[in-house]
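Encoded as structure tokens, the structure appears first; notes follow it.
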Amino acid sequence: MTKKSQKPVPKKGLRVVAVFEAAKGALVLLAGCGLLSFIHKDLHLAAMKLVTVMHFNPAKHYPSIFIDAADRVTDMQLWMLALSALLYATVRFVEAYGLWKQMQWAEWFGLLSGGMYIPIEVFEVSREITWPRVTVLIVNVGVVAYLADLLSKSRKPRAGNARTKGAN
């Protein structure tokens, strides 16, 4: 008998995770482009307008910290933040492509890159329980658990395992 070459059946969960990662990359890329729009602009004025629109008192502690920080941001810092956003988005897009194509390296990358945030997210939830923090933690744990499950199922038992050799 000859085995027919079969295409792997698309895993819908992997596709969902791929779209999620691509969406994160797109959001950060848009934020980076937004930062570029502030180059050669009056950032102090933009910060004041934002504080006013949010109905915060500019004389209060946190709004004044935000406004002071906006005064100190240089064009070079905006370029560096935008470049960082581009690099982060590129990593997310590459991961999304790999997950969409069901590449095992992308599953490992997603597991490791998502898993490294879980201790931080648990710490943040333990400091203060808010629905955004809990939601981020639950979604991240779900993605990491799903990828770990896929990877554990894809591992094939090795022939000549040391335990089975000694049992004979």
- Residues of segment 66-90 satisfying the condition of being β-branched (V, I, T) and either surrounded by 15 or more Cβ atoms within 10 Å (Cβ to Cβ) or not in a helix (DSSP H, G or I) (or both): I67, V73, T74
- Query: Pick from A26, A89: which is among the hydrophobic types (A, V, I, L, M, F, W, C), in contact (Cβ under 8 Å) with a residue 24 or more places away in the chain and in contact with a Leu (Cβ under 8 Å, 6 or more places away or on another chain)?
  - Reply: A89
- Note on the structure: Subset of segment 24-65, residues surrounded by fewer than 14 Cβ atoms within 10 Å (Cβ to Cβ) and polar (S, T, N, Q), comes to S37, T52, N57
- Only one of K7, K11 that is modelled with pLDDT under 90, among the basic types (K, R) and within 23 Å of the chain's Cα centre (by Cα): K11
- Task: Give the number of residues within segment 110-119 that are more than 11 Å from the chain's Cα centre (by Cα) and within 13 Å of I138 (Cβ to Cβ).
- Result: 1
- Item | Of the criteria (1) at pLDDT below 95; (2) in a helix (DSSP H, G or I); (3) within 30 Å of V141 (Cα to Cα), which one L30 fails | (1)
- The condition from (1) of a type outside the set (V, I, T); (2) closer than 21 Å to L147 by Cβ; (3) touching a helix residue (DSSP H, G or I) at 6+ places or on another chain (Cβ under 8 Å); (4) assigned to a helix (DSSP H, G or I) that A23 misses is numbered (3)
- Message: Which count do you get for residues in segment 92-119 that are touching a residue at least 24 places away in the same chain (Cβ under 8 Å) and not in a helix (DSSP H, G or I)?
- Response: 1
- Residue count, segment 91-106, condition crowded, with 20+ Cβ neighbours inside 10 Å and of a type in the set (A, V, I, L, M), comes to 3
- Task: Return the residue satisfying two criteria in turn: it lies in segment 120-146 and is of a type outside the set (A, V, I, L, M, F, W, C) and not in a helix (DSSP H, G or I), and of such residues it is nearest to the chain's Cα centre (by Cα).
- Result: T130
- Query: Applying the selection to segment 92-128, what residues are of a type in the set (K, R) and closer than 13 Å to L14 by Cα?
  - Reply: K101
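The values are calculated or read from the model by the stated rules, or taken from the named source; none is laboratory data. Note that the structure is predicted; figures quoted are calculated from it, not measured. Quick reminder, even Gly has a Cβ in these numbers, built from the backbone with ideal geometry, and neighbours come from all protein chains shown.
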